[in-house]
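Asker: The structure under discussion is supplied below as structure tokens; questions concerning it will follow.
The values are calculated or read from the model by the stated rules, or taken from the named source; none is laboratory data. Everything quoted here is computed from the prediction, not taken from an experiment. Cβ sites come from the backbone with ideal geometry, for glycine too, and all protein chains shown count toward neighbours.
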4 protein chains.
Amino acid sequence: MARIGFVGLGNMGGPMLLNLLKAGHQVSAFDLVESALARAKQAGASVAESAANTAKDAEFFISMLPASRHVEGLYLTPDAEGKTLLDRVPKSTVVIDCSTISPQSARKVAEAAHARGIAMLDAPVSGGTAGAEKGTLTFIVGGDANVLERGRPILEKMGANIFHAGAQGAGQVAKICNNMLLAIHMTGTAEALALGVANGLDPGVLSEIMKRSSGGNWSLNVYNPYPGVMDGVPASRGYSGGFLVDLMIKDLGLAMDAADGTDMAIPMGALARNLYRLLKKQENAGALDFSSIQKLYTKDV
Amino acid sequence: MARIGFVGLGNMGGPMLLNLLKAGHQVSAFDLVESALARAKQAGASVAESAANTAKDAEFFISMLPASRHVEGLYLTPDAEGKTLLDRVPKSTVVIDCSTISPQSARKVAEAAHARGIAMLDAPVSGGTAGAEKGTLTFIVGGDANVLERGRPILEKMGANIFHAGAQGAGQVAKICNNMLLAIHMTGTAEALALGVANGLDPGVLSEIMKRSSGGNWSLNVYNPYPGVMDGVPASRGYSGGFLVDLMIKDLGLAMDAADGTDMAIPMGALARNLYRLLKKQENAGALDFSSIQKLYTKDV
Amino acid sequence: MARIGFVGLGNMGGPMLLNLLKAGHQVSAFDLVESALARAKQAGASVAESAANTAKDAEFFISMLPASRHVEGLYLTPDAEGKTLLDRVPKSTVVIDCSTISPQSARKVAEAAHARGIAMLDAPVSGGTAGAEKGTLTFIVGGDANVLERGRPILEKMGANIFHAGAQGAGQVAKICNNMLLAIHMTGTAEALALGVANGLDPGVLSEIMKRSSGGNWSLNVYNPYPGVMDGVPASRGYSGGFLVDLMIKDLGLAMDAADGTDMAIPMGALARNLYRLLKKQENAGALDFSSIQKLYTKDV
Amino acid sequence: MARIGFVGLGNMGGPMLLNLLKAGHQVSAFDLVESALARAKQAGASVAESAANTAKDAEFFISMLPASRHVEGLYLTPDAEGKTLLDRVPKSTVVIDCSTISPQSARKVAEAAHARGIAMLDAPVSGGTAGAEKGTLTFIVGGDANVLERGRPILEKMGANIFHAGAQGAGQVAKICNNMLLAIHMTGTAEALALGVANGLDPGVLSEIMKRSSGGNWSLNVYNPYPGVMDGVPASRGYSGGFLVDLMIKDLGLAMDAADGTDMAIPMGALARNLYRLLKKQENAGALDFSSIQKLYTKDV
């Protein structure tokens, strides 16, 4: 049993917290949204009056926030007494940020932690809300390997796979690269299926062939974008739920930033992002699952 | 034991023929290249003076040629007596074209065969020269299911997987779609690895993470484009051998044609093709393996 | 006054013929469409029973057909007596093909003409139906300079600008390159206007600034794609009329072919073409003017 | 004669300052680089010890800095006494920022100025160092029209064209859109020329034809990217000087930001940017003129 501070109780953070409580941990939680806090309290968390209060006495401190500016705000903005949250966390705490943010922000915050003698990991997740609820998330972790070992027992209560990507910020870089590649092969898969169907093929037969051939990829394996091919995926329920187009556009924006910072060319990722923007505009698809890119190619699916 | 006519003894057709001989079949072979014919003879094939002669008495007739024009030429061009090869094949023969050509050409030839009462399949392969040698090719077959069952025992001597894609031409369509998707995820994989490495990650660690996450695809599984990550792949021997950039450019040209015939948009496939063209020009890479697209992103690999 | 044979009396060829008649030339016309022939007869042309008949006694022979296959069919297909049209044209005739076709086809036909001692030019036009009617077309001519001088007086009756691009086929190449560049800057102009308007600018003010700055191009000068900026252009009448999306897709297909034949990369042209295909699908825009690409970016224009 | 404060004496700001001095204005200058300050002093400027000191008594205050962070730093960062430069500028001063920065930054600074009752314009320039030296720059101005009239006499000493784009920030938006369109048509022009040359055309002849046809654009008119076509342009001196690839990549980054802020798709601009990044990597071209994109298509120019 560990004492854990937890900030950020949204669609992802909320169920992650529940899994920590189920595992018997003692969690002090905070969020700006009252209803989220109330749910946490009902589930057995103690509820703090501020983010800083969750950090007092915490052996582990976990944050799960929407974007870089929220994470920098949480850790680096001084309060009325001129102290940042990092000034209030005990030196022995392991700080784990699970948000998906820019590597630059992740490094900036981690360096501020290290400067105060505090161990910190960036540990963005994949697996979506379903993974958060079932405790089967994948954590992609940046930071010191020894610190990761200290944090591992806690992460294992929330996730099924834990990868060590490298030093601080590396978790964010790996997630960004992975999600860019995901956008590329999802878009490519939709494009190939549209081309095949237009040329007379059955989408299920073509999917099966490509899945078992050199075209094989995760989209074909578990997340087929063509309606009717696979049960239980967004494509078979009107593209509702899942990983939203708007979030994929956001993640691809982090890839653009990572490319900018290193002057790298990412023509395929950039095109995929712009196709998602065209999809959003043409099909009003911002709040649909990202496999709805099929609709850009095959208007009537 | 069956009597088989075989035309086209190149890098692919040559080893395919050997596997038929090994299985005990009686093969009559033809090619315009003398040395290829000589090798076939030495391996036990009988050698014919013309393509038409291989077809006489054949229970199965197999062709493996470079492009649409060769296939149309073989089957549809009248000889001095005004007869095409399809006029000389016995009605009971199963004709199997293993070339990768346009669906339009495949349909045109198959229709000419059917008009003469001859059964015909289009059965393009994937698996490369290694697959041809080991007899582990994948056949993607278009045509009547019953005809495929008649041809299956022969195909199984040359390949490990046999997919039925649909009616005549469907084998070609499925292969084209598969290879376009392959080009897209290979290019995307190289792009993601370049971005990750530029941002401080180890290419092997990043590959392992993406392979087991939602970025997973065939390139990461068995054909990693980054030198040093995987043994025995072209990336680890200077991109020699394998599936050449020039052939990928050719296959993507078939995808362009299939898109043209049906007025479909294939922005990702078209960009991948143009990146391969830039690679060819900038790195003189036409005769390198297609995973050398990594060099476009990471000049010094 | 010259004797002219003219084949192909469509939206372009019809008014071109009228301008030759107005200039006092004696024209023998042919088209497969009866009504087109009737209009030509009413305007003063003599009407032939076949393409070959228009060629007899012609000092100049002009064709204006939709695509490569029609041009090759017209000039190279033998008739019942085994003679092609080129066999029936007098040796002294100057043959001018005004169709927009592939350079390969243009060269093939010109070589067949030259082999028979007949002078031939490829002379594709730009300027659209309005230019055809007003006699202000631009001719982009490939072939011998001396032959061009012989044909110039005739071309000047139909057009205002005559460019000599180079040897046979060069007219087609130059037109293809020009139209690809047109598609690129039109698409780019629509993209820039959409971006500016979304960021608060007036499309007319922005157009004026870019027109007079380094962004300046023909689209901004005379064919602004944003509704309401310029009078008398398709954008200000619901994108009706003008140069159709389907024709731009066709011309960009010729660019793809020219790139294929020389292994050149044309990523911008290929992307523009695919954006036109997405526009066609999303907005049912095949029969709209090509400046309707604005609708892909700004859905509600 | 006016009293002018001027901060930022680099390749652009330096010659702009000289033109103000030549026109008889009294300028107080500041830059962090000693040698730049020394040159300004020698030319007749008074030299201040800080940016704030140039602002005292200024009727006009002009800044010309590299990027958003410098501009925000100059105007918004408090000094030791807790005062920003905007706190030290007289209320009657017209503040003109000529830097090319993000519209968001431009608006942020202008709003801070307005909150203090100070008039401010964003007035990014085009025309390069040659335009700065000759006093022929184009100013693209955002802000109140009356304020622009007050600033116009000063701007006219440094430039030949002054456009009013709209309210605060609109100058930046218009410049960003213009430069994105410039990148697109320059890239497209290089692509079309490469395609034409590969298909046998003379680059000069093709340039002349496209310039006078619907492909016409600023690149063809005054900045031809193909070596040997036009005298006095970077293409004819090994792509030295001019507007650097690195700066175009930077400006296209501002376009990406403007697109992000408004969720707009800019596929052509994004592809052009990535082609510039590939050019930079393949040809080590960061410090070459941006017309060197020709080298990506035609390796041996």
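Asker: All but one of (1) touching a helix residue (DSSP H, G or I) at 6+ places or on another chain (Cβ under 8 Å); (2) among the small types (G, A, S); (3) closer than 15 Å to C:V147 by Cα hold for C:G117; which doesn't?
Answerer: Among (1) touching a helix residue (DSSP H, G or I) at 6+ places or on another chain (Cβ under 8 Å); (2) among the small types (G, A, S); (3) closer than 15 Å to C:V147 by Cα, C:G117 violates only (1).
Asker: Among all residue pairs at least 6 apart or on different chains, which show Cβ distances below 6 Å where the first residue, located in the stretch C:185-203, is over 14 Å from D:D260 (Cα atoms) and more than 7 Å from chain D (Cβ to nearest Cβ) and the second is part of a helix (DSSP H, G or I) and hydroxyl-bearing (S, T, Y)?
Answerer: C:M186/C:S219; C:A190/C:Y297
Asker: Can you pull out the residues in the stretch A:114-156 that are more than 17 Å from the chain's Cα centre (by Cα) and among the basic types (K, R)?
Answerer: A:R116, A:R150, A:R152
Asker: Hey, another quick one. How about the stretch B:110-128: which of its residues are assigned to a loop (DSSP other than H, G, I, E, B) and farther than 18 Å from B:V173 by Cα? Can you show your working first?
Answerer: The initial filter retains those residues of the stretch B:110-128 that are assigned to a loop (DSSP other than H, G, I, E, B), namely B:116-118, B:123-124, B:127.
Of everything in the stretch B:110-128, those that are assigned to a loop (DSSP other than H, G, I, E, B) and farther than 18 Å from B:V173 by Cα turn out to be B:R116, B:G117, B:I118.
Asker: When residues of the stretch A:98-140 are filtered for being under 17 Å from A:G14 (Cβ atoms), surrounded by 20 or more Cβ atoms within 10 Å (Cβ to Cβ) and more than 14 Å from chain B (Cβ to nearest Cβ), how many remain?
Answerer: The qualifying residues number 3.
Asker: Here's another thing I want to ask about it. So in the stretch C:231-248, with the set limited to residues that are of a type in the set (G, A, S) and assigned to a helix (DSSP H, G or I), which one is nearest to the other protein chains (Cβ to nearest Cβ)?
Answerer: Kept after step one, since they are of a type in the set (G, A, S), are these residues of the stretch C:231-248: C:232, C:235-236, C:238, C:240-242.
Now restrict to residues that are assigned to a helix (DSSP H, G or I): C:235-236.
Numbers: C:A235: 15, C:S236: 18 Å.
The extreme case among them is C:A235.
Asker: Let me ask you something else. Evaluate the following for C:N161: is it under 18 Å from C:M248 (Cβ atoms) and either of a type in the set (S, T, N, Q) or out of contact with any Phe, Trp or Tyr (no Cβ under 7 Å at 6 or more places or on another chain) (or both)?
Answerer: Values: under 18 Å from C:M248 (Cβ atoms): no; either of a type in the set (S, T, N, Q) or out of contact with any Phe, Trp or Tyr (no Cβ under 7 Å at 6 or more places or on another chain) (or both): yes.
No; evaluated as a whole, the condition is false for this residue.
Asker: Can you name the helices (runs of 4 or more DSSP H) wholly within the stretch B:5-107 that have at least 1 residues being farther than 30 Å from A:L201 by Cβ, within 22 Å of the chain's Cα centre (by Cα) and in contact (Cβ under 8 Å) with a residue 24 or more places away in the chain?
Answerer: Here the list reads B:13-22, B:34-42, B:51-55.
Asker: Please name all residue pairs, on different chains or six or more residues apart, with Cβ atoms under 7 Å, provided the first residue is in the stretch A:127-146 and is within 20 Å of A:L182 (Cβ to Cβ) and the second residue is assigned to a helix (DSSP H, G or I) and modelled with pLDDT under 95.
Answerer: Pairs that qualify, where the first residue is within 20 Å of A:L182 (Cβ to Cβ) and the partner is assigned to a helix (DSSP H, G or I) and modelled with pLDDT under 95, are A:L137/A:G131.
Asker: Does A:L296 meet the test of being hydrophobic (A, V, I, L, M, F, W, C) and within 30 Å of D:A285 (Cα to Cα)? Reasoning before the result, please.
Answerer: Working: hydrophobic (A, V, I, L, M, F, W, C): yes; within 30 Å of D:A285 (Cα to Cα): no.
Answer is no for this residue.
Asker: Looking at B:D251, is it part of a loop (DSSP other than H, G, I, E, B), more than 26 Å from A:L252 (Cα to Cα) and under 28 Å from the mean Cα position of the chain (by Cα)? Talk me through it step by step, then tell me what you get.
Answerer: Numbers: part of a loop (DSSP other than H, G, I, E, B): no; more than 26 Å from A:L252 (Cα to Cα): yes; under 28 Å from the mean Cα position of the chain (by Cα): yes.
Here the answer is no, as B:D251 does not meet what is asked.
Asker: Sort through D:D202, D:D231 and tell me the only one that's acidic (D, E) and touching a strand residue (DSSP E or B) at 6+ places or on another chain (Cβ under 7 Å).
Answerer: Details: D:D231 fails: touching a strand residue (DSSP E or B) at 6+ places or on another chain (Cβ under 7 Å).
None of the others qualify; the one that does is D:D202.
Asker: Can I ask one more? For residues that are of a type outside the set (D, E, K, R) and more than 8 Å from chain C (Cβ to nearest Cβ), tally how many sit in the stretch D:149-172. Walk me through it before giving the result.
Answerer: If we filter the stretch D:149-172 for residues that are of a type outside the set (D, E, K, R), which is where we start, we get D:151, D:153-155, D:158-172.
Now restrict to residues that are more than 8 Å from chain C (Cβ to nearest Cβ): D:151, D:153-155, D:158-160, D:162, D:168, D:171-172.
Qualifying residue count, the stretch D:149-172: 11.
Asker: How many residues are of a type in the set (A, V, I, L, M, F, W, C), surrounded by fewer than 21 Cβ atoms within 10 Å (Cβ to Cβ), more than 7 Å from chain A (Cβ to nearest Cβ) and in a helix (DSSP H, G or I) if we restrict to the stretch B:204-229?
Answerer: Qualifying residue count for the region: 1.
Asker: Inside the stretch A:18-34, can you point out the residues that are among the polar types (S, T, N, Q) and over 12 Å from A:G8 (Cα atoms)?
Answerer: We begin by selecting, within the stretch A:18-34, every residue among the polar types (S, T, N, Q); these are A:19, A:26, A:28.
Passing the criteria: A:N19, A:Q26.
Asker: Can you tell me how many residues within the stretch D:71-86 are modelled with pLDDT of 95 or more and acidic (D, E)?
Answerer: Matching residues across the stretch D:71-86 total 1.
Asker: May I ask you to list the residues in the stretch D:254-273 that are under 18 Å from D:Q294 (Cβ atoms) and within 21 Å of the chain's Cα centre (by Cα)?
Answerer: D:A272, D:R273
Asker: While we're here: Considering only residues that are part of a loop (DSSP other than H, G, I, E, B) and more than 9 Å from chain C (Cβ to nearest Cβ), look in the stretch B:254-292 and name the one that is surrounded by the fewest Cβ atoms within 10 Å (Cβ to Cβ).
Answerer: Of the residues in the stretch B:254-292, the ones part of a loop (DSSP other than H, G, I, E, B) are B:263-266, B:284-288.
Within this subset, residues satisfying the condition of being more than 9 Å from chain C (Cβ to nearest Cβ) are B:284-285, B:287-288.
Values: B:N284: 11, B:A285: 21, B:A287: 14, B:L288: 22.
Per the criteria, the residue is B:N284.
Asker: From the list D:F30, D:F6, exactly one residue is closer than 22 Å to D:S126 by Cα and crowded, with 21+ Cβ neighbours inside 10 Å. Which is it? First the steps, then the outcome.
Answerer: Working: D:F30 fails: closer than 22 Å to D:S126 by Cα.
None of the other options fit; the residue is D:F6.
Asker: Another question about this same structure. Is at least one residue of the stretch B:161-170 crowded, with 24+ Cβ neighbours inside 10 Å, in a helix (DSSP H, G or I) and within 22 Å of the chain's Cα centre (by Cα)?
Answerer: Looking through the stretch B:161-170, at least one residue is crowded, with 24+ Cβ neighbours inside 10 Å, in a helix (DSSP H, G or I) and within 22 Å of the chain's Cα centre (by Cα).
Asker: Just checking, which of A:N146, A:N179 is farther than 18 Å from B:A192 by Cα and polar (S, T, N, Q)? Spell out the reasoning first.
Answerer: On the way: A:N179 fails: farther than 18 Å from B:A192 by Cα.
One residue alone meets the criteria, A:N146.
Asker: If you scan the stretch B:204-243, which residues turn out to be among the polar types (S, T, N, Q) and touching a residue at least 12 places away in the same chain (Cβ under 8 Å)? Steps first, please.
Answerer: Restricting attention to the stretch B:204-243, the residues satisfying the condition of being among the polar types (S, T, N, Q) are B:207, B:213-214, B:217, B:219, B:221, B:224, B:236, B:240.
Residues satisfying the conditions are B:S207, B:N217, B:S219, B:N224, B:S240.
Asker: From the list D:S50, D:S46, D:S92, which residue is among the polar types (S, T, N, Q), modelled with pLDDT under 95 and either touching a Gly at 6+ places or on another chain (Cβ under 9 Å) or more than 22 Å from D:G131 (Cβ to Cβ) (or both)? Spell out how you get there, then give the answer.
Answerer: Details: D:S46 fails: modelled with pLDDT under 95; D:S92 fails: modelled with pLDDT under 95.
Selected residue: D:S50, the only one of D:S50, D:S46, D:S92 that is among the polar types (S, T, N, Q), modelled with pLDDT under 95 and either touching a Gly at 6+ places or on another chain (Cβ under 9 Å) or more than 22 Å from D:G131 (Cβ to Cβ) (or both).
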